[in-house]
Amino acid sequence: MMPPGITDRVLVVEGDITRQRVDAIVNAANPSLLGGGGVDGAIHRAAGPELLGECRDLGGCNTGEAKITSGYRLPARFVIHTVGPVWKGGGAGEDTLLSSCYQNALALAELIGLRSIAFPAISTGAYGFPLERAARIAVCTIIGFLTYHPAIERVVLACHGNAAHTLYQDILGQEKTINTEYEMAQALFSHISMIEASHGIRIKNREAIARIIAPTIKSDTQALSVGISLNNWVAVAGAYGEVTVSESVIRTILDSLKSA
Ligand code: ADP
């Protein structure tokens, strides 16, 4: 079976984020976490007053960080609140902060075992971040995360309005054609899963392995060679139970690929 491609895991939809049937929706909140306009207001209205009650106990949130609450009356079980940067012209670290919002929300979702999450276009409303620049950062950060975190199965980009929808689709389409690293990482994960199943083991550092190897390989054939080498190593080492493949083994496999 082919591993899922980017477009199987990132979905662009036009519509209200409060209606998304995902494990968590992300709120573009303000630092007080006590509600506001835009998407924040819509989420609080749809979730009901209990949401504000829980938010009061969180003690606010710094820009770029993320906190989680229950979703109350929303179809989503959780709300992940993150605070986007206010646009100040681009020279005040806005790009990095916006990227952190996506990164931290995804990491939090993964930490508590969620599989699907929906994002609004954080900072692009009242906070004034230019939409295209924000959309590129969002897509790039999300794909960077998904490349090495297979546990998150689906990310929904909920767009308010047709312009954002088209823009996201275009950016995602460009990513799809250029992102070899993503494809290679998914191929490696699928080989690693087969090795685990056939030897009855669990490879604990599968993400680290993929992170080292995926950026340097360029074809399915090379991914397969890596899979075969890893499989041989497991067999020869007589590994069982929970296995960590050492970095020197990973480097040796990479070197043999270069000399092949
Ligand atoms: P920020 O203060 O972070 O800029 P806003 O809520 O003002 O947050 O706007 C963020 C984005 O969310 C904007 O692009 C806006 O069009 C969009 N938006 C507003 N309401 C909704 C909604 N109900 N569902 C999805 N997106 C929404």
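Values in this text are rule-based calculations from the coordinates and carry no lab data. Nothing here was measured: the structure is a model prediction, and the numbers come from that model. Heads up, the Cβs are rebuilt from the backbone with ideal geometry, glycines too, and the neighbour counts pull from every protein chain shown.
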If you average the sequence gap of Cα pairs under 8 Å that are 6 or more apart and divide by the length of the chain, what percent do you get for the contact order? 19 percent
Using DSSP, restrict attention to beta bridges with both residues in the chain and report what percent are antiparallel, rounded to the nearest 5. 20 percent
Output the DSSP H helices from the chain with an along-axis C-alpha extent of no less than 27 Å and a mean Kyte-Doolittle hydropathy no less than -1.0. 180-199
Positive minus negative residues near Thr69 (Lys, Arg vs Asp, Glu; Cβ under 11 Å): 0
Amide H contacts under 5 Å for Gly125, restricted to residues at least 5 apart in sequence or on another chain and with H modeled in the peptide plane, are none
I need the peptides 53-60, 236-243 ranked by packing, meaning the mean over residues of other C-beta atoms within 10 angstrom, with the highest value on top. 53-60, 236-243
The range 3-25 to the range 181-224: how many Å between their Cα centroids? 25 Å
For the range 180-259, what is the relative contact order in percent, using Cα pairs closer than 8 Å and at least 6 residues apart in sequence? 41 percent
If the chain between Leu254 and Lys88 were fully stretched, how many nm would it gain, using 0.36 nm times the residue separation less the Cα-Cα distance? 55.3 nm
Restricting the range 85-141 to trypsin sites (Lys or Arg not before Pro) in coil, as DSSP defines it, with at most 12 other Cβ within 10 Å: Lys88
Non-local amide H neighbours of Gly36 (under 5 Å, H modeled in plane, Pro and chain starts lacking H): which ones? Gly41
If the convex hull is drawn through the Cα atoms of the range 180-259, its volume per residue in Å³: 74 Å³
With unit charges on the beta carbon (Lys/Arg positive, Asp/Glu negative), name the residue among Ile213, Gly48, Ala151 whose Cα is farthest towards the positive pole of the charge dipole of the chain. Gly48
When the expected Rg is taken as 2.2 N^0.38 Å, what fraction or multiple of it is the alpha-carbon Rg of the chain? 1.12
